[in-house]
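Please read the structure below before turning to the comments.
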Amino acid sequence: MSDNALIELPCQDLIELVTDYLEDRLTPVDRARFEAHIAECEYCATYLEQMRMTIRTLGRIPEESLSDRARDDLLRAFRDWRSE
Amino acid sequence: MVSTPPDDASLVRSLREGEEAVFAQLVDRWGPAMLRVALVHVHNRAVAEEVVQEAWLTVLRDLARFEGRSALRTWVLGIVINLARSRGRAERRSTPTGLDASLFSADRFRALGDPWPRHWAIGPTPWPTPEQELLAGETRRVILRAVAALPPTQREVLVLRDIEGLPADEACSALAIGETNQRVLLHRARSRVRKAIEDYFHATEPT
(Lines give C-alpha, C1' and ligand atoms only; values in the text may rest on other atoms or scores of the structure.)
Protein backbone atom coordinates (compact mmCIF):
# COMPACT_ATOMS: atom_id res chain seq x y z
CA MET A 1 0.00 0.00 0.00
CA SER A 2 2.89 2.32 0.70
CA ASP A 3 3.66 3.22 -2.91
CA ASN A 4 -0.01 3.65 -3.70
CA ALA A 5 -0.50 6.07 -0.85
CA LEU A 6 2.35 8.17 -2.20
CA ILE A 7 1.40 8.00 -5.87
CA GLU A 8 -2.24 8.85 -5.28
CA LEU A 9 -1.38 11.97 -3.34
CA PRO A 10 1.76 13.73 -4.56
CA CYS A 11 3.66 15.81 -2.03
CA GLN A 12 2.80 18.98 -3.89
CA ASP A 13 -0.91 18.29 -3.33
CA LEU A 14 -0.49 17.07 0.21
CA ILE A 15 1.05 20.31 1.41
CA GLU A 16 -2.02 22.16 0.17
CA LEU A 17 -4.22 19.98 2.39
CA VAL A 18 -2.39 20.63 5.65
CA THR A 19 -4.82 23.21 7.00
CA ASP A 20 -7.83 21.14 5.95
CA TYR A 21 -6.22 18.22 7.77
CA LEU A 22 -5.49 20.21 10.91
CA GLU A 23 -9.00 21.69 10.90
CA ASP A 24 -10.44 18.22 10.44
CA ARG A 25 -12.12 19.10 7.17
CA LEU A 26 -10.90 16.17 5.07
CA THR A 27 -13.24 13.34 4.11
CA PRO A 28 -12.39 10.06 5.85
CA VAL A 29 -10.88 8.73 2.59
CA ASP A 30 -8.70 11.80 2.07
CA ARG A 31 -7.69 11.82 5.69
CA ALA A 32 -6.59 8.18 5.53
CA ARG A 33 -4.63 8.91 2.35
CA PHE A 34 -3.04 11.97 3.94
CA GLU A 35 -1.97 10.01 7.00
CA ALA A 36 -0.70 7.08 4.94
CA HIS A 37 1.45 9.47 2.92
CA ILE A 38 2.81 11.16 6.03
CA ALA A 39 3.71 7.78 7.49
CA GLU A 40 5.81 6.98 4.41
CA CYS A 41 7.28 10.35 3.49
CA GLU A 42 9.79 11.93 5.78
CA TYR A 43 9.76 15.24 3.88
CA CYS A 44 6.02 15.68 4.23
CA ALA A 45 6.15 14.63 7.87
CA THR A 46 8.74 17.35 8.40
CA TYR A 47 6.58 19.81 6.47
CA LEU A 48 3.51 19.03 8.59
CA GLU A 49 5.50 19.38 11.79
CA GLN A 50 6.93 22.71 10.62
CA MET A 51 3.43 23.98 9.88
CA ARG A 52 2.38 22.97 13.38
CA MET A 53 5.45 24.70 14.83
CA THR A 54 4.66 27.82 12.82
CA ILE A 55 1.07 27.89 14.09
CA ARG A 56 2.10 27.34 17.71
CA THR A 57 4.78 30.01 17.41
CA LEU A 58 2.31 32.52 15.96
CA GLY A 59 0.12 31.84 18.99
CA ARG A 60 2.97 32.80 21.30
CA ILE A 61 3.56 36.26 19.81
CA PRO A 62 3.11 38.64 22.76
CA GLU A 63 -0.06 40.68 22.95
CA GLU A 64 -0.34 44.18 21.64
CA SER A 65 -1.91 46.56 24.08
CA LEU A 66 -3.44 49.99 23.83
CA SER A 67 -1.31 52.82 25.12
CA ASP A 68 -2.32 54.14 28.55
CA ARG A 69 -3.28 57.39 26.94
CA ALA A 70 -5.65 55.78 24.43
CA ARG A 71 -7.16 53.69 27.21
CA ASP A 72 -7.70 56.76 29.43
CA ASP A 73 -9.31 58.63 26.53
CA LEU A 74 -11.69 55.73 26.04
CA LEU A 75 -12.70 55.56 29.68
CA ARG A 76 -13.33 59.29 29.60
CA ALA A 77 -15.45 58.85 26.48
CA PHE A 78 -17.38 56.15 28.29
CA ARG A 79 -18.17 58.48 31.18
CA ASP A 80 -19.31 61.16 28.69
CA TRP A 81 -21.48 58.62 26.91
CA ARG A 82 -22.98 57.48 30.20
CA SER A 83 -23.89 60.99 31.25
CA GLU A 84 -25.59 61.81 27.96
CA MET B 1 -5.61 34.85 23.80
CA VAL B 2 -9.19 35.95 24.32
CA SER B 3 -11.98 33.64 25.36
CA THR B 4 -15.67 33.91 24.68
CA PRO B 5 -17.35 35.83 27.49
CA PRO B 6 -19.68 33.64 29.53
CA ASP B 7 -22.73 35.84 29.28
CA ASP B 8 -23.12 38.55 26.65
CA ALA B 9 -26.53 39.60 27.90
CA SER B 10 -25.21 40.58 31.32
CA LEU B 11 -22.22 42.36 29.76
CA VAL B 12 -24.50 44.40 27.53
CA ARG B 13 -26.73 45.21 30.48
CA SER B 14 -23.76 46.38 32.56
CA LEU B 15 -22.54 48.58 29.72
CA ARG B 16 -25.96 50.10 29.19
CA GLU B 17 -26.12 50.79 32.90
CA GLY B 18 -22.81 52.61 32.62
CA GLU B 19 -20.56 50.30 34.64
CA GLU B 20 -17.14 51.65 33.84
CA ALA B 21 -15.28 48.69 35.35
CA VAL B 22 -16.97 46.34 32.91
CA PHE B 23 -16.15 48.61 30.00
CA ALA B 24 -12.51 48.88 31.11
CA GLN B 25 -12.32 45.10 31.40
CA LEU B 26 -13.60 44.61 27.87
CA VAL B 27 -11.22 47.24 26.52
CA ASP B 28 -8.33 45.40 28.17
CA ARG B 29 -9.52 41.95 27.17
CA TRP B 30 -10.38 42.61 23.52
CA GLY B 31 -8.15 45.60 22.88
CA PRO B 32 -5.09 43.54 21.89
CA ALA B 33 -6.96 41.60 19.18
CA MET B 34 -8.64 44.80 17.96
CA LEU B 35 -5.36 46.60 17.73
CA ARG B 36 -3.68 43.76 15.90
CA VAL B 37 -6.47 43.48 13.35
CA ALA B 38 -6.48 47.27 12.85
CA LEU B 39 -2.75 47.11 12.16
CA VAL B 40 -3.47 44.85 9.19
CA HIS B 41 -4.94 47.84 7.37
CA VAL B 42 -3.34 50.93 8.82
CA HIS B 43 0.39 50.97 9.09
CA ASN B 44 0.86 53.40 11.87
CA ARG B 45 0.37 52.43 15.45
CA ALA B 46 -1.17 55.74 16.51
CA VAL B 47 -3.71 55.51 13.69
CA ALA B 48 -4.48 51.92 14.69
CA GLU B 49 -5.17 53.05 18.24
CA GLU B 50 -7.51 55.72 16.87
CA VAL B 51 -9.35 53.08 14.90
CA VAL B 52 -9.76 50.98 18.05
CA GLN B 53 -11.06 53.99 19.95
CA GLU B 54 -13.44 54.85 17.15
CA ALA B 55 -14.67 51.26 17.16
CA TRP B 56 -15.47 51.42 20.87
CA LEU B 57 -17.33 54.68 20.39
CA THR B 58 -19.33 53.02 17.63
CA VAL B 59 -20.02 50.10 19.95
CA LEU B 60 -21.36 52.44 22.62
CA ARG B 61 -23.41 54.39 20.11
CA ASP B 62 -24.98 51.25 18.64
CA LEU B 63 -25.24 49.25 21.82
CA ALA B 64 -28.96 49.87 22.06
CA ARG B 65 -29.31 48.21 18.67
CA PHE B 66 -27.17 45.15 19.48
CA GLU B 67 -29.49 42.20 19.12
CA GLY B 68 -27.22 39.42 20.18
CA ARG B 69 -27.43 37.67 16.84
CA SER B 70 -23.69 37.15 17.07
CA ALA B 71 -21.50 37.05 20.15
CA LEU B 72 -20.66 40.48 21.54
CA ARG B 73 -16.94 39.98 20.89
CA THR B 74 -17.63 38.99 17.28
CA TRP B 75 -19.77 42.08 16.81
CA VAL B 76 -17.10 44.35 18.32
CA LEU B 77 -14.37 42.76 16.17
CA GLY B 78 -16.55 43.14 13.08
CA ILE B 79 -16.88 46.85 13.80
CA VAL B 80 -13.15 47.41 14.21
CA ILE B 81 -12.43 45.39 11.08
CA ASN B 82 -14.84 47.45 8.98
CA LEU B 83 -13.43 50.72 10.27
CA ALA B 84 -9.86 49.57 9.71
CA ARG B 85 -10.65 48.34 6.21
CA SER B 86 -12.10 51.67 5.13
CA ARG B 87 -9.36 53.61 6.87
CA GLY B 88 -6.79 51.42 5.13
CA ARG B 89 -8.37 51.98 1.73
CA ALA B 90 -8.08 55.71 2.24
CA GLU B 91 -4.49 55.42 3.42
CA ARG B 92 -3.24 53.07 0.75
CA ARG B 93 -1.41 54.55 -2.20
CA SER B 94 -1.55 51.50 -4.43
CA THR B 95 -2.74 47.94 -4.09
CA PRO B 96 0.17 45.59 -4.64
CA THR B 97 -1.83 42.46 -3.82
CA GLY B 98 -1.28 40.35 -6.89
CA LEU B 99 -2.18 36.71 -7.16
CA ASP B 100 -0.81 34.12 -4.82
CA ALA B 101 2.17 33.15 -6.92
CA SER B 102 3.40 29.66 -6.34
CA LEU B 103 5.26 29.63 -3.08
CA PHE B 104 7.97 27.25 -4.23
CA SER B 105 10.39 27.50 -7.07
CA ALA B 106 9.83 24.86 -9.75
CA ASP B 107 12.92 22.85 -8.79
CA ARG B 108 11.54 21.98 -5.36
CA PHE B 109 9.24 19.35 -6.92
CA ARG B 110 9.91 16.58 -9.43
CA ALA B 111 8.79 17.06 -12.98
CA LEU B 112 5.80 15.36 -14.57
CA GLY B 113 7.98 12.88 -16.52
CA ASP B 114 9.63 11.68 -13.31
CA PRO B 115 8.59 8.29 -11.85
CA TRP B 116 7.47 10.29 -8.78
CA PRO B 117 5.88 13.33 -10.38
CA ARG B 118 5.10 16.29 -8.12
CA HIS B 119 6.84 14.76 -5.13
CA TRP B 120 9.59 16.65 -3.36
CA ALA B 121 12.82 17.06 -5.27
CA ILE B 122 14.33 19.24 -2.55
CA GLY B 123 12.32 18.44 0.55
CA PRO B 124 12.15 20.42 3.75
CA THR B 125 14.77 19.64 6.36
CA PRO B 126 14.35 20.01 10.11
CA TRP B 127 15.05 23.48 11.42
CA PRO B 128 18.20 24.04 13.47
CA THR B 129 16.46 26.21 16.05
CA PRO B 130 14.19 24.58 18.63
CA GLU B 131 10.57 25.69 18.49
CA GLN B 132 10.76 27.46 21.86
CA GLU B 133 13.46 29.73 20.49
CA LEU B 134 11.79 30.72 17.24
CA LEU B 135 10.47 33.89 18.82
CA ALA B 136 13.91 34.91 19.98
CA GLY B 137 16.69 36.52 18.01
CA GLU B 138 16.64 36.91 14.28
CA THR B 139 13.83 34.41 13.58
CA ARG B 140 11.46 36.62 15.55
CA ARG B 141 12.05 39.41 13.04
CA VAL B 142 11.69 36.96 10.18
CA ILE B 143 8.30 35.80 11.47
CA LEU B 144 6.95 39.27 12.24
CA ARG B 145 8.13 40.54 8.87
CA ALA B 146 6.50 37.60 7.09
CA VAL B 147 3.20 38.31 8.85
CA ALA B 148 3.43 42.00 8.02
CA ALA B 149 4.08 41.19 4.35
CA LEU B 150 0.97 39.02 3.93
CA PRO B 151 -1.83 40.33 1.73
CA PRO B 152 -4.41 41.94 4.05
CA THR B 153 -7.10 39.31 3.47
CA GLN B 154 -4.69 36.56 4.52
CA ARG B 155 -3.30 38.53 7.40
CA GLU B 156 -6.73 39.27 8.86
CA VAL B 157 -7.49 35.58 9.09
CA LEU B 158 -4.05 34.66 10.42
CA VAL B 159 -4.27 37.32 13.12
CA LEU B 160 -7.67 36.19 14.33
CA ARG B 161 -7.12 32.45 14.06
CA ASP B 162 -3.47 31.76 14.83
CA ILE B 163 -2.26 34.82 16.69
CA GLU B 164 -5.40 35.58 18.71
CA GLY B 165 -6.68 32.02 18.79
CA LEU B 166 -10.27 32.63 17.75
CA PRO B 167 -12.38 29.70 16.53
CA ALA B 168 -13.10 29.48 12.80
CA ASP B 169 -16.79 30.37 13.02
CA GLU B 170 -16.09 33.54 14.96
CA ALA B 171 -13.36 34.63 12.55
CA CYS B 172 -15.75 34.05 9.64
CA SER B 173 -18.50 36.21 11.12
CA ALA B 174 -16.17 38.98 12.26
CA LEU B 175 -14.56 39.12 8.82
CA ALA B 176 -17.82 38.47 6.96
CA ILE B 177 -16.28 35.72 4.85
CA GLY B 178 -17.29 32.13 4.14
CA GLU B 179 -15.83 29.14 5.91
CA THR B 180 -14.05 27.70 2.86
CA ASN B 181 -12.56 31.03 1.90
CA GLN B 182 -11.39 31.50 5.46
CA ARG B 183 -9.59 28.17 5.36
CA VAL B 184 -7.93 28.90 2.02
CA LEU B 185 -6.69 32.29 3.24
CA LEU B 186 -5.48 30.81 6.52
CA HIS B 187 -3.63 28.07 4.70
CA ARG B 188 -1.89 30.47 2.34
CA ALA B 189 -0.91 32.72 5.19
CA ARG B 190 0.51 29.88 7.30
CA SER B 191 2.34 28.42 4.32
CA ARG B 192 3.99 31.75 3.62
CA VAL B 193 5.13 32.21 7.20
CA ARG B 194 6.54 28.67 7.28
CA LYS B 195 8.31 29.32 3.99
CA ALA B 196 9.83 32.55 5.32
CA ILE B 197 11.32 30.66 8.27
CA GLU B 198 12.64 27.98 5.92
CA ASP B 199 14.16 30.55 3.57
CA TYR B 200 15.86 32.22 6.50
CA PHE B 201 17.44 28.97 7.66
CA HIS B 202 18.52 28.06 4.13
CA ALA B 203 20.12 31.45 3.66
CA THR B 204 22.05 31.18 6.91
CA GLU B 205 23.00 27.52 6.51
CA PRO B 206 26.72 26.97 6.90
CA THR B 207 28.14 25.81 3.59
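Placing +1 on the Cβ of every Lys and Arg and -1 on the Cβ of every Asp and Glu, with nothing else charged, gives segment A:4-50 a dipole about its Cα centre of roughly 80 debye.
The phi-based Karplus calculation (6.51 cos²θ - 1.76 cosθ + 1.60; θ = phi - 60°) puts the 3J(HN,Hα) values of segment B:36-45 at 5, 6, 5, 5, 5, 9, 10, 9, 10, 4 Hz, whole numbers, x for Gly and Pro. Less than 5 angstrom separates the built amide H of B:Phe109 from those of B:Ala121, B:Ile122, all sequence-distant by 5 or more or on a different chain.
Comparing B:Ile143, B:Ile163, B:Ile79 in a Gaussian network model of chain B where C-alpha atoms under 10 Å apart are linked, the largest mean-square fluctuation is found at B:Ile163. Lacking any other cysteine beta-carbon closer than 4.7 Å, the following Cys residues of the protein assembly as shown have no compatible partner: A:Cys11, B:Cys172.
In debye, nearest 20, what is the charge dipole magnitude of the protein assembly as shown about its Cα centre with +1 on Lys and Arg Cβ and -1 on Asp and Glu Cβ, if you could check? My answer is approximately 840 debye. In the context of the full protein assembly, B:Thr139 retains an accessible surface of approximately 10 Å², using a probe radius of 1.4 Å and ignoring ligands and nucleic acids.
For segment A:1-41 versus segment B:148-207, the inter-centroid distance based on Cα atoms is 21 Å. Principal axis analysis of the Cα atoms in segment B:6-94 yields extents of 44, 23, 21 Å, listed in decreasing size. Our summary gives chain A a relative contact order of 30 percent, counting only alpha carbon pairs under 8 angstrom and 6 or more residues apart. So what are the ³J(HN,Hα) numbers for segment B:50-55, from phi and the Karplus equation (6.51, -1.76, 1.60; θ = phi - 60°), rounded to whole Hz, Gly and Pro as x? Values, residue by residue: 4, 4, 5, 4, 4, 4 Hz.
Here the convex hull built on the C-alpha positions of chain B has a volume of 163 cubic angstrom per residue. Three semi-axes describe the equivalent ellipsoid of the protein assembly as shown; taken as square roots of 5 times the Cα gyration tensor eigenvalues and ordered largest first, they are 41, 20, 16 Å. For segment B:6-94, with all protein chains present and a 1.4 Å probe, just round the carbon and sulfur fraction of the accessible area to a whole percent. Using a 1.4 Å probe with all protein chains present, segment B:6-94 comes out at 48 percent carbon and sulfur. Each residue was assigned an accessible area with a 1.4 Å probe, and for A:Cys44 the value is about 0 Å². Rounded to the nearest 20, the size of the Cβ-charge dipole of segment B:6-94 about its Cα centre is 560 debye, with Lys and Arg at +1 and Asp and Glu at -1. Could you point to the residue in B:Gly31, B:Trp56, B:Phe109 farthest towards the positive end of chain B's charge dipole, with +1 and -1 charges on the Cβ of Lys/Arg and Asp/Glu respectively? Of B:Gly31, B:Trp56, B:Phe109, it is B:Phe109. Result for chain B in a Gaussian network model with C-alpha springs under 10 Å: among B:Trp127, B:Trp116, B:Trp56, the largest mean-square fluctuation is at B:Trp116.
Entry note, chain A: the mean residue ellipticity at 222 nm calculated from DSSP H runs of n ≥ 4, each adding -39500 (n - 2.57), is -22000 deg cm²/dmol after division by the residues and rounding to the nearest 500. Helix B:72-91 and the long axis of chain B differ in direction by around 70°, with both axes built from C-alpha atoms.
The values are calculated or read from the model by the stated rules, or taken from the named source; none is laboratory data. What you see is a predicted model; the values in this text were computed from it and never measured. All Cβ positions, even for glycine, are placed from backbone atoms using ideal geometry, and neighbour counts span all protein chains on display. Side chains are part of the model used for accessible areas, which takes the heavy atoms of the whole protein and leaves out ligands, DNA and RNA. Shrake-Rupley method; radii C 1.70, N 1.55, O 1.52, S 1.80 Å.
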